[in-house]
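The values are calculated or read from the model by the stated rules, or taken from the named source; none is laboratory data. A quick note: this is a predicted structure, and the numbers were derived from the prediction, not measured. Reconstructed Cβ throughout: ideal geometry from the backbone, glycine too, with neighbour counts over all protein chains shown. We work out accessible area using only protein heavy atoms, side chains counted, and drop any ligands, DNA or RNA first. Shrake-Rupley method; radii C 1.70, N 1.55, O 1.52, S 1.80 Å.
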Amino acid sequence: MSALEELLAHPGLWRGRGTGLPATVPTRPTGFAHLDRTLRGGWPRGQLTELIGAPFGSGETRMLLPVLATCSRERRRVMLVTPPATPWIPGWRQLGVDPEGVFVIRATSEEDIIWSCEQILRHPKTGVLLAWLQGSRSAPLRRLRLAAGSGDACAFLYRPPAVASQASPAHLRIRWQADGDRLRLEVIKFTGGPIPAGQPVVIPRDAR
């Protein structure tokens, strides 16, 4: 089998002529019933989720604390790559995230960031990856999609607002915006079906 044939046979490859990925994409509950209904089950596993918005530090990480706590209880690793600030571990501990299972990786170049994310996504102990990407190129995301498909971790990529209009291989793309003490979430891409209709999902920035 040639390299191209092997790539085309990969189960994580989406073909434009089809209806998207199977409806049986495994998920993890988000911790918010309304958001679970919108996403038809929760955060996808073995796929990429883009969280597009700014400024960082507006509660965009706290909305993921329920899924981080779930993975922590399962003794699966929570991996953070180039976060813009050090997470407030005492607060995370109070919400059920074991600090012993949280790892922070600092990288300076885009290539180092992408390489680190690839290794993390392929590791069977990874439960959740959170990575902050400042670049606007979509090519590295194709590598991450293939890496994500080799495991079942939830992979969240934080990206700046400018990329919202660009094409992306991510399974799920969500635009987030701070709104007082809440976050407004708008689904702008949902592979495997139509974009969920209705008003943006509003959730508290305090995950408790």
To the nearest 20 Debye, how big is the dipole of the chain about its Cα centre, given +1 on the beta carbon of each Lys and Arg and -1 on that of each Asp and Glu?
320
In Å², rounded to a whole number, the accessible area per residue of the chain with probe 1.4 Å is 50
What full-extension length gain, to one decimal in nm, is calculated for residue 179 and residue 94 as 0.36 nm per residue of separation minus the Cα-Cα distance?
28.1 nm
Return the sequence-ordered ³J(HN,Hα) values of segment 141-148 in whole Hz as given by the Karplus equation 6.51 cos²θ - 1.76 cosθ + 1.60 applied to θ = phi - 60°, using x for Gly and Pro.
5, 5, 5, 5, 5, 5, 5, 4
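Quick one: pull the percent of accessible area on the chain belonging to carbon and sulfur, 1.4 Å probe, ligands and nucleic acids left out.
Details: 5680 of 10430 Å².
The value for the chain is 54 percent carbon and sulfur by accessible area.
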Please sort 61-68, 185-192 by packing, taking for each peptide the average over its residues of neighbouring beta carbons within 10 angstrom, highest first.
61-68, 185-192
